[in-house]
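Reviewing the structure listed below.
The values are calculated or read from the model by the stated rules, or taken from the named source; none is laboratory data. If you're wondering where the values come from, they're calculated on a predicted model, not measured in any experiment. Neighbour counts are summed over all protein chains in view; Cβ atoms, including those assigned to glycine, are modelled from backbone coordinates with ideal geometry. Just so you know, the surface numbers come from the protein's heavy atoms only, side chains and all, with ligands and any DNA or RNA stripped out. Shrake-Rupley method; radii C 1.70, N 1.55, O 1.52, S 1.80 Å.
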Amino acid sequence: MASNAQTESLDARRDRIFGPRTEEHRRFAEDPGIVAYGETWWRDHYDSLSQLGYTLRPRYNPKWTPPWRGTKRSYKDYEEGQSPVRTVIMDAIRTTDGSYVTLKKLDMTQSRSDMAEIELNKYLSSKKLTADPRNHCVKVFEIFQLPDEQHVYIMAMQSLRPFDDPLFTTIGEAIAFFTQIFEGLQFLHEHKIAHRDCCSANVMMDAAPIYPEPWHPVKLNMRRDWKGKARHYTRTERPLKYYYIDFGLSQLYTPENTETWPPLALPVHGGDKTAPENQDEKHNTRCNPFATDIYYLGNLIRNSFMQKYYGFGFMEKLVADMVQDDPSKRPDINEVVSRFAKMRTSLYCWKLRSRAIPRKEWKILTLWRYPPHILRTIQFTLSHKPAIPGP
């Protein structure tokens, strides 16, 4: 006679281990394209947000029905079938001017850091600080509460895109990126703010200048209106600006909350888990959070440029110093900016305009792309496009 474990169905076994599935689980299993889980909050507040001046995509309208039902097509083929990876983040249109914005939901009942994040974003988006061109912190247009949920705050921010999508085409474009993220961190540190999570996921760009048609907020390679691929220019043709986002782990250090300088704080675990001071054996050892920021940027450059493209050997010494195991031996941000400025001026124009070749690119593709790159370079040189494009 077969045992119970052998005869019970897969569904029964799953229910026994993880608990019975809800109706929402069952509906999602039948149609993964529906609005479910964290997305339902946005659907339930569609009308409230609309009254406050923010319109979500049709997918979140309470009257919405999936357009793929009754067809043989997949939900993935439809714009309305695209759901975000992180449901605390949502795209919207600001009705006052039709601009695209990003909304972030902060629930005071679920995190102790949310109110601190709100206050820090207000400070960084204040008129005094936004007047500094070195301020590369995401712009927060408005922070508001919902009438029916006073414990929930919504931050309305500028719509951004990952800093490395599309790929960098020249060494000079990468130099412009390094310049901006270094000066942005210098700005934060001068104001006694440690980001504490400035990893690759939290550095983005305002890509509107290089996209003639808005890109889709979920399917980034598609147009927002779902009428084909999102075409783009290069950063050299249309310079853009890079921004730090997500200040949920960030800390403003003042004489009132700091016993020593530089301050010492217990490690926090953000997106980059590789910092030596963040390893398990040091979880209870206080460290300098500003030095950890230096490590994060050095590691970002190492992973996203030096190990991804050819041609960045000139950054090896600086990056090696930034990612030293001993935080006290890492340069502070002022030294990083100073050393990089000297390095930047030492690079010849031909180096800056040379193509950033991905290490994983097939050699035949490299040869195929070389002539178009030469033609573009001649065009940009004749039209006086700077080799290091600045916003």
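Quick one: in region 190-222, of everything that is touching a residue at least 60 places away in the same chain (Cβ under 8 Å) and of a type in the set (D, E, K, R), which residue is farthest from residue 263 (Cα to Cα)? Once the filter is applied, the top-ranked residue is 219.
Any chance you could count how many residues in region 303-333 are assigned to a helix (DSSP H, G or I), open to solvent by less than 70 Å² (accessible area, probe 1.4 Å) and either over 19 Å from residue 263 (Cα atoms) or β-branched (Val, Ile, Thr) (or both)? Let's see the steps before the verdict.
Step one: list which residues in region 303-333 are assigned to a helix (DSSP H, G or I), which gives 303-306, 313-322, 327-329, 333.
When the remaining residues are screened for being open to solvent by less than 70 Å² (accessible area, probe 1.4 Å), the result is 304-306, 313-315, 318-322, 327, 333.
Narrowing further to those that are either over 19 Å from residue 263 (Cα atoms) or β-branched (Val, Ile, Thr) (or both): 304-306, 313-315, 318-321, 333.
The number of residues fulfilling the criteria is 11.
Residues that are open to solvent by 30 Å² or more (accessible area, probe 1.4 Å), outside any loop (DSSP other than H, G, I, E, B) and among the basic types (Lys, Arg) within region 40-75 comprise just one, 43.
Count of region 117-129 residues, restricted to those that are open to solvent by 20 Å² or more (accessible area, probe 1.4 Å) and in contact (Cβ under 8 Å) with a residue 40 or more places away in the chain, is 1. One residue stands out in region 346-368 among those that are open to solvent by 80 Å² or more (accessible area, probe 1.4 Å) and under 29 Å from the mean Cα position of the chain (by Cα): the one that is nearest to residue 170 (Cα to Cα), namely 359.
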